[in-house]
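Asks: Handing you this structure, nothing more for now.
The values are calculated or read from the model by the stated rules, or taken from the named source; none is laboratory data. This one's a predicted model, so the numbers in the text were calculated from it and none came from an experiment. Every residue, glycine among them, receives a Cβ derived from its backbone with ideal geometry; neighbour counts consider all protein chains shown.
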Amino acid sequence: MIFCLDSIIIKPENGFEVKNAVILLHGYGGDGKDISMLSLNWKRHMPNTVFICPNGHETCALNPKGYQWFDLSRDDPDYILKQSIIAENKIKQLIQEIKKEFNLSNSEICLSGFSQGCMISLNVGLTSEEKFLCIVGFSGKIIDQNNLKKRMKSLTDTLLIHGDIDQVVPSIHLLEAKDFLIRNSVEVKTLLIKNCEHHIPIEASSTALNYILKKI
């Protein structure tokens, strides 16, 4: 199978039928291989799930060995928003391809991402016509609340996890996102992890796994 984005694809083992998909979106400067590490433990508990870990559609401006979902080299909110919407459309195209390839609906697909990947997951999950299984975001934020509110079409259940000493995307963004989602009738759960910086610790991975398992 060939998707619109170069992706690591981890299929169920032992010929198990695909009943669900988890799309994992990496952070700024990362790649599909980085974020696919989450699947090493998760797949043991989700034997009927395919994991799709795409590379961003652009080479990272600050790390040419990695990828980005949108450019951060310009401190211009309007520019960043426009670039992020381009990334959204790329992911939406990928989702259509995944649905066709594995005969799945939105309700059988979890969108998950770290940092920039979390931001894109939130936008895609809340602006698509149909609800997804869930959104699981690590260390991210809502890019533009006013813009997202205007474009919201679905109320996908969401879990947001953040480190309390994150210096890259400060944890205040978790509280802001939670407030926004509650005000817009999205069922949201959050976890703020003590003494955690900008990464995904075991506690975050385990909490996310348990959340997804309850949705499947």
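Asks: Given the criteria closer than 26 Å to residue 34 by Cβ, at pLDDT 95 or above and either surrounded by 22 or more Cβ atoms within 10 Å (Cβ to Cβ) or not aliphatic (A, V, I, L, M) (or both), does residue 141 qualify?
Replies: Spelling it out, residue 141 is indeed closer than 26 Å to residue 34 by Cβ, at pLDDT 95 or above and either surrounded by 22 or more Cβ atoms within 10 Å (Cβ to Cβ) or not aliphatic (A, V, I, L, M) (or both).
Asks: Inside the range 26-71, can you point out the residues that are assigned to a helix (DSSP H, G or I) and either closer than 13 Å to residue 91 by Cβ or charged (D, E, K, R) (or both)?
Replies: Passing the criteria: 32, 33, 34, 43, 44.
Asks: I'd like to verify a number: residues in the range 112-130 that are assigned to a helix (DSSP H, G or I) and either surrounded by fewer than 20 Cβ atoms within 10 Å (Cβ to Cβ) or of a type in the set (Lys, Arg) (or both), how many?
Replies: 1
Asks: Return the pair list, or none, for Cβ contacts closer than 8 Å from residues in the range 63-80 that are on the phi < 0 side of the Ramachandran plot to residues that are part of a loop (DSSP other than H, G, I, E, B) and of a type in the set (Asp, Glu), at least 6 apart or on different chains.
Replies: 66/31; 67/31; 77/144; 79/71; 80/71
Asks: Among 109, 95, 86, which is closer than 22 Å to residue 139 by Cα and surrounded by 16 or more Cβ atoms within 10 Å (Cβ to Cβ)?
Replies: Answer to the selection: 109.
Asks: Hey, another quick one. Given the criterion out of contact with any Cys (no Cβ under 8 Å at 6 or more places or on another chain) and either within 16 Å of residue 113 (Cβ to Cβ) or touching a residue at least 40 places away in the same chain (Cβ under 8 Å) (or both), identify the matching residue among 41, 20.
Replies: Residue meeting the stated conditions: 41.
Asks: Can I ask one more? What's the number of the condition residue 202 fails, among (1) surrounded by fewer than 13 Cβ atoms within 10 Å (Cβ to Cβ); (2) at pLDDT below 95?
Replies: Every listed condition holds for residue 202 apart from (2).
Residue by residue, here is whether (1) of a type in the set (A, V, I, L, M, F, W, C); (2) under 22 Å from residue 168 (Cβ atoms); (3) touching a helix residue (DSSP H, G or I) at 6+ places or on another chain (Cβ under 8 Å); (4) modelled with pLDDT under 95 holds:
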{"position": "20", "(1), (2), (3), (4)": "no, no, yes, no"}
{"position": "50", "(1), (2), (3), (4)": "yes, no, yes, no"}
{"position": "53", "(1), (2), (3), (4)": "yes, yes, yes, no"}
{"position": "63", "(1), (2), (3), (4)": "no, yes, no, yes"}
{"position": "71", "(1), (2), (3), (4)": "no, yes, yes, yes"}
{"position": "90", "(1), (2), (3), (4)": "no, no, no, no"}
{"position": "97", "(1), (2), (3), (4)": "no, no, no, no"}
{"position": "100", "(1), (2), (3), (4)": "no, no, no, no"}
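Asks: Quick check, is residue 215 among the basic types (Lys, Arg) and in contact with a helix residue (DSSP H, G or I) (Cβ under 8 Å, 6 or more places away or on another chain)?
Replies: no
Asks: Hey, could you check the range 170-187 for residues that are in contact with a strand residue (DSSP E or B) (Cβ under 7 Å, 6 or more places away or on another chain), among the hydrophobic types (A, V, I, L, M, F, W, C) and free of Cβ contacts under 8 Å to residues at least 60 places away in the same chain and say which is surrounded by the fewest Cβ atoms within 10 Å (Cβ to Cβ)?
Replies: 182
Asks: Determine if the range 150-165 includes at least one residue that is at positive phi, touching a residue at least 24 places away in the same chain (Cβ under 8 Å) and in contact with a Leu (Cβ under 9 Å, 6 or more places away or on another chain).
Replies: There is no residue in the range 150-165 that is at positive phi, touching a residue at least 24 places away in the same chain (Cβ under 8 Å) and in contact with a Leu (Cβ under 9 Å, 6 or more places away or on another chain).
Asks: Taking into account only those residues within the range 131-182 that are among the charged types (D, E, K, R), farther than 24 Å from residue 105 by Cα and part of a loop (DSSP other than H, G, I, E, B), which is farthest from the chain's Cα centre (by Cα)?
Replies: 164
Asks: What are the residues in the range 103-146 that are of a type in the set (Lys, Arg) and over 20 Å from residue 215 (Cα atoms), if any?
Replies: The answer is 141, and nothing else.
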